[in-house]
Amino acid sequence: APVSRAPARGFIGVPRITSRLTERDLGLVINVNDPYSVKVGQFYLDARQLTESQVLRVELPVRAELTPDEFRVLDARIRQFFGPDIQALALAWSQPFAVDCHSITGALTLGFDASLCSKTCASSRKSSYFNAYTPRPFADLQMRPSMLLAAESVSMAEDMIRRGVASDHTLGLRGSPPVNAHFLVTSDNARSSRAHLFPPPGLLRGVGIDVHVEQSNVLQGADRLLLYETGLSQVDRLDTLKWVPGGIGDHLTSYGGRIDGKSGQMSALEWIASGATASYGTVSEPCSHPQKFPHPQVLLLHYAQGSSLIEAYWKSVAWPQQGLFIGEPLAAPFPLR
């Protein structure tokens, strides 16, 4: 049946959170075979003031994909090294980003499932973390959401990390001007499959977010941009956008998570290059299941409540095995409410 292109009439319910992940909850993994990883990992360790006990150094091939056997060795090292206090992971590299048809963030968080790769367009494993209350995913669910500190260069990764750190506790303050969240319903029907999940437009006064839902293929010149979600294989005019620190952007398409630039579709790294602090894309053909992409309202409402970026983004994807999460995980622009 065709997917309705009309936005939802009202907001869905999300659990009320009372705490969030912080630097003491995060493990950092650095690939010593990769100069990018060593430099970005050290920069992140210093920026978020992590301790050496929170850092695992591994030796990985620097290529787009790990084999399942290579992944199992990495997974075992991570499980052996990090204790129960570590709830989430930052991976300090851009490659490898996939394990067969899985993203590396999906495989590390939910496990590798070889059967998925014979039918990537089918439904995949549902995440118990989707729209969940828990502030302690490893303690409560035995899963560590992970995020890649990926960018087109070391300097761009450092800028992304600076934006994440600078975002903390900066939005939703009394008297401050609102930020903007833009949701575009495009002319691409298949890639607009989550349009019926878009929030109702208008100002969320308690948190200072102005929601815009538009039928358009391009957003140009947006100011104080917090969130931008669309559905196209290529997104134009990203260079005209003015992001706030902690901003998030993604486009529903098949291969946005193939961040080596070889898919023929726009890479999620272009969002980071434009000034966003995080993005998301799939690494293998997901078809247009909206469950394999961020749920716009779940993402917006968890983030606005004060969740860290990695929590809000991970909680917004129901079937995330094929999806790659990139960005600065601990960005937390909004105070806990």
Discussion item. Checking LEU108 against (1) over 25 Å from LYS262 (Cα atoms); (2) surrounded by fewer than 24 Cβ atoms within 10 Å (Cβ to Cβ); (3) touching a Leu at 6+ places or on another chain (Cβ under 8 Å); (4) of a type outside the set (Lys, Arg): exactly one of these is not met. Which one?
Written reply: (1)
Response to the item:
(1) open to solvent by 10 Å² or more (accessible area, probe 1.4 Å); (2) part of a loop (DSSP other than H, G, I, E, B) all hold for GLN291 apart from (2)
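For every residue, the table says whether it meets (1) open to solvent by less than 10 Å² (accessible area, probe 1.4 Å); (2) touching a residue at least 40 places away in the same chain (Cβ under 8 Å); (3) under 19 Å from GLY106 (Cβ atoms); (4) not aliphatic (A, V, I, L, M).
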residue	(1), (2), (3), (4)
HIS212	no, no, no, yes
LEU226	yes, yes, no, no
THR230	yes, yes, no, yes
SER233	no, yes, no, yes
ASP239	no, no, no, yes
GLY249	yes, no, no, yes
SER254	no, no, yes, yes
ALA276	yes, yes, no, no
VAL283	yes, yes, yes, no
Worksheet item: So PRO335 fits all but one of (1) over 25 Å from ASP46 (Cα atoms); (2) open to solvent by 10 Å² or more (accessible area, probe 1.4 Å); what number is the exception?
Response: (1)
Discussion item. Among the residues that make up segment 188-196, is at least one of them under 22 Å from LYS242 (Cβ atoms) and modelled with pLDDT of 95 or more?
Written reply: no
Worksheet item: Any chance segment 183-192 includes a residue that's in contact (Cβ under 8 Å) with a residue 40 or more places away in the chain, surrounded by fewer than 22 Cβ atoms within 10 Å (Cβ to Cβ), closer than 21 Å to TYR255 by Cβ and under 21 Å from the mean Cα position of the chain (by Cα)?
Response: yes
Worksheet entry | Count - residues of segment 82-104 that are touching a residue at least 24 places away in the same chain (Cβ under 8 Å), surrounded by fewer than 22 Cβ atoms within 10 Å (Cβ to Cβ), over 28 Å from SER118 (Cβ atoms) and not hydrophobic (A, V, I, L, M, F, W, C) | 2
Worksheet item: Can you tell me which residue in segment 54-81 is nearest to the chain's Cα centre (by Cα), limited to those that are of a type in the set (A, V, I, L, M, F, W, C) and open to solvent by 60 Å² or more (accessible area, probe 1.4 Å)?
Response: VAL62
Response to the item:
Scanning segment 36-67 residue by residue, those in contact (Cβ under 8 Å) with a residue 40 or more places away in the chain and of a type outside the set (Val, Ile, Thr) turn out to be TYR36, SER37, LYS39, GLY41, PHE43, TYR44, ALA47, ARG48, ALA64
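Yes or no, residue by residue, for (1) assigned to a loop (DSSP other than H, G, I, E, B); (2) under 26 Å from LEU301 (Cα atoms); (3) of a type outside the set (S, T, N, Q):
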position	(1), (2), (3)
LEU226	no, yes, yes
GLU229	no, yes, yes
PRO245	no, yes, yes
ASP250	no, yes, yes
GLY257	yes, yes, yes
ASP260	yes, no, yes
SER267	yes, yes, no
TRP271	no, yes, yes
Fill in: Lone qualifier among ASP188, ASP223, ASP210, ASP168 - being under 26 Å from ALA90 (Cβ atoms) and of a type in the set (D, E, K, R)
ASP168
Worksheet item: Going through segment 117-174 one residue at a time, which ones are among the aliphatic types (A, V, I, L, M), buried (at least 22 other Cβ atoms within 10 Å of the Cβ) and in a helix (DSSP H, G or I)?
Response: ALA157, MET160, ILE161
Worksheet, complete the sentence: Of the residues in segment 190-245, those that are polar (S, T, N, Q) and farther than 26 Å from CYS121 by Cα number 4
Worksheet entry | Tally, over segment 193-206, of residues that are of a type in the set (A, V, I, L, M, F, W, C) and more than 21 Å from the chain's Cα centre (by Cα) | 2
Worksheet item: On the given criteria, is ALA318 under 22 Å from PRO200 (Cα atoms), in a helix (DSSP H, G or I) and not basic (Lys, Arg)?
Response: no
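The values are calculated or read from the model by the stated rules, or taken from the named source; none is laboratory data. Since we're looking at a predicted model, the values are computed, not measured. Note: ideal-geometry Cβ built from the backbone for every residue, glycine included; neighbour counts use all protein chains shown. Surface accessibility is based on the protein's heavy atoms, side chains included, excluding ligands, DNA and RNA. Shrake-Rupley method; radii C 1.70, N 1.55, O 1.52, S 1.80 Å.
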